[in-house]
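Single-structure report; data block below.
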Amino acid sequence: MEERREIRRLAAEAEVFLIENKSLSSTPYVFARRFVDIVLAFAGLVIFIPLLLILSIAIKLDSKGTIFYPQVRVGMMGKPFQLLKLRTMKMDAEKDGPRWAEINDPRVTRVGRFLRKTRIDELPQLMNVLKGEMSFIGPRPERPVFTELFNQQTPGFINRLAVKPGLTGWAQVNGGYDISPEEKLAYDLEYIRKRSLLLDLKILLLTFKIVLTGKGAR
């Protein structure tokens, strides 16, 4: 109940920011990008189905538990949604409560290390993109508990909720996992102010580079 009240509060603050910046949700760019999101997400699911089947088998053979790991994240305007990932950690990874992933985290499975290094564990989020909960490019969605914590530590952090969260973003290609909430907010607000199809393409190309090199993985 307390978490739901906090999400509603965050949503209200994000709505104020959106009202003050109406162009964020009414430009032709937004509609054009939604069309691109649908086309790319559908094509991606078709192309990667064989890979997902192979990875599903590998995950089951490597450790006990589910193949997919749904997790509540805070979306645009503070609306919570179930983000999908391939499971990369042991099933009891959060038995002591939510905590941030560490470098060489012992909770990560053998297959999980490869999935996280290449970011392949994010592939199921193509479904979130198709459903309209996410976009290919945008601020990475945080869990409610971390959204609240980061907003307390860095006032204004919830302004990132003014646009759809993304599979990848300006903050991720500039800092990866090691970026601080303050830096993440700075990069994400810069993206929100300057976003365009050209910037989206640049972020997408930089993301492919990160996937190939495994830079910034945990």
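Here are a few things to note about the model shown:
- Placing dummy labels 7 Å off each Cα toward the beta-carbon, the span from Lys64 to Arg107 is 1.9 nm.
- Extension gain (nm, one decimal) between Lys90 and Ser56, 0.36 nm per residue minus Cα-Cα: 10.8 nm
- Exposure proxy for Glu142, Glu182: other Cβ atoms within 10 Å of each Cβ, ordered fewest to most, give Glu182, Glu142.
- Neighbour-count ranking [beta-carbon atoms within 10 angstrom, fewest first] of Phe31, Phe136, Phe114: Phe31, Phe114, Phe136
- Here Thr27 and Val211 are evaluated by their C-beta separation; at R0 = 35 Å the FRET efficiency comes out at 0.75.
- Ranked list, fewest to most other Cβ atoms within 10 Å of each Cβ, for Asp105, Asp121: Asp105, Asp121
Values quoted throughout were computed directly from the atomic coordinates according to the rules given, and no laboratory measurement underlies them. Keep in mind it's a predicted model, so treat the numbers as computed, not measured. All Cβ positions, even for glycine, are placed from backbone atoms using ideal geometry, and neighbour counts span all protein chains on display.
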